[in-house]
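The structure appears below as structure tokens.
The values are calculated or read from the model by the stated rules, or taken from the named source; none is laboratory data. Keep in mind the model is a prediction, meaning the values are calculated, not measured. Note: ideal-geometry Cβ built from the backbone for every residue, glycine included; neighbour counts use all protein chains shown. Surface areas here come from the heavy atoms of the whole protein model, side chains and all, with no ligands, DNA or RNA. Shrake-Rupley method; radii C 1.70, N 1.55, O 1.52, S 1.80 Å.
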Amino acid sequence: EAEAKNPPEPLTPSENTKYVSIYGGLGLAQAAFVMFRTLALYWGCIRASRILHFNLLQNVIKLPMKFFDTTPLGRIINRFAKDIATVDDVLPRSFGFWLPGLFDVLSTIIICTYATPWFIAVIIPLLGIYFWLQRYFISTSRQLKRLESVSRSPIYNNFSETIGGVSTIRAFDKVSNFCRMNEGLVDTNMECYYPNISSNRWLAIRLEFIANFIVLAESVFATYARDTLNPAVVGLAISYAMSITQTLNWWVRQT
């Protein structure tokens, strides 16, 4: 009632200008840091790709002829194609998503702990479970990616051999045989790719369970201490905790 009778005085034009200037300065600083991060990230990845490609090319050129007699051409092409493309395209995007996701997760934990200090007793064992899931998933995903990469090399090798001998294949009417062979190699590669998608679903279910448990713990602690906590801080903590589901899932995948 006292606040209704004596409402706060409106801000003066000078105060409005000051706060708007601070808000605009923060926006410009954010834009500058984002631009600097993007330029530094892509410059580093381009430099790494250039060094990797140069060293790879130098080593391949200096290899003896017996290496090319025993190594399929598709395996060599796969190194120059897929691995270089990973450094050029996948790593910058993954790191660009990974770094903000890390700070989102840390900020959520800090805000929830600040709102309800008992939250630290729950987050420590959950982080242990999360760390174990992450290590288990990364080891499995690495092996699946390796199998996918190995099974991709015969596709390049078969395709290059088919292009090189297309006149002979047509002369002996073996087009359908080579088409079936190429389809079989692609199917084998997809057999290695499908478990990778399944492992992502396996990880998503468990991470969403952990994230939902974080929301549950924060809500229970906030309800238990509702008489001593600031409602605004509690609402902020719960809203951050509810947004951690997708952030945690996406961050682990980028990792």
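Residues in the stretch 136-161 that are loosely packed, with under 15 Cβ neighbours inside 10 Å and either farther than 19 Å from ASP69 by Cα or in contact with a Pro (Cβ under 8 Å, 6 or more places away or on another chain) (or both): TYR136, ILE138, SER139, ARG142, GLN143, LYS145, ARG146.
Among the residues of the stretch 167-200 satisfying the criterion of being part of a helix (DSSP H, G or I) and of a type in the set (Asp, Glu), which is nearest to GLN254 (Cα to Cα)?
Step one: of the stretch 167-200, the residues part of a helix (DSSP H, G or I) are 167-171, 175-200.
If we keep only those that are of a type in the set (Asp, Glu) too, we end up with 183, 187, 191.
Working: GLU183: 31, ASP187: 26, GLU191: 23 Å.
The qualifying residue nearest to GLN254 (Cα to Cα) is GLU191.
Given the criteria in contact (Cβ under 8 Å) with a residue 24 or more places away in the chain, more than 30 Å from THR162 (Cα to Cα) and open to solvent by 80 Å² or more (accessible area, probe 1.4 Å), does PHE103 qualify?
Details: in contact (Cβ under 8 Å) with a residue 24 or more places away in the chain: no; more than 30 Å from THR162 (Cα to Cα): yes; open to solvent by 80 Å² or more (accessible area, probe 1.4 Å): yes.
So PHE103 does not fit the description; no.
Table: residues versus (1) among the charged types (D, E, K, R); (2) farther than 26 Å from LEU185 by Cα.
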position: LYS66; (1), (2): yes, no
position: PHE80; (1), (2): no, no
position: ALA121; (1), (2): no, yes
position: ILE124; (1), (2): no, yes
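GLY74 meets the stated requirement of being touching a residue at least 40 places away in the same chain (Cβ under 8 Å), at negative phi and small (Gly, Ala, Ser).
So is ASN55 over 25 Å from GLY164 (Cα atoms), of a type outside the set (Lys, Arg) and modelled with pLDDT under 80 or not? Break it down stepwise before answering.
Working: over 25 Å from GLY164 (Cα atoms): yes; of a type outside the set (Lys, Arg): yes; modelled with pLDDT under 80: no.
No, not satisfied.
Do we have ARG226 as farther than 19 Å from THR116 by Cβ and of a type in the set (D, E, K, R) here? Against the criterion (farther than 19 Å from THR116 by Cβ and of a type in the set (D, E, K, R)), ARG226 does not qualify. Pairs linking a residue in the stretch 77-91 that is at negative phi and part of a helix (DSSP H, G or I) to a residue that is open to solvent by 60 Å² or more (accessible area, probe 1.4 Å) and not β-branched (Val, Ile, Thr), with Cβ atoms under 7 Å and 6 or more positions apart or on different chains, are ILE77/TYR156; ASN78/TYR156; ILE84/LEU52; ILE84/HIS53; VAL87/LEU52. Using the structure shown, decide if ASN78 is among the polar types (S, T, N, Q), closer than 22 Å to ASN157 by Cβ and either open to solvent by 70 Å² or more (accessible area, probe 1.4 Å) or touching a strand residue (DSSP E or B) at 6+ places or on another chain (Cβ under 8 Å) (or both). So ASN78 fails the test. Scanning the stretch 205-233 for residues that are closer than 20 Å to ILE124 by Cα, in contact (Cβ under 8 Å) with a residue 40 or more places away in the chain and aliphatic (A, V, I, L, M) gives LEU207, ILE210, ILE214, ALA217, ALA222.
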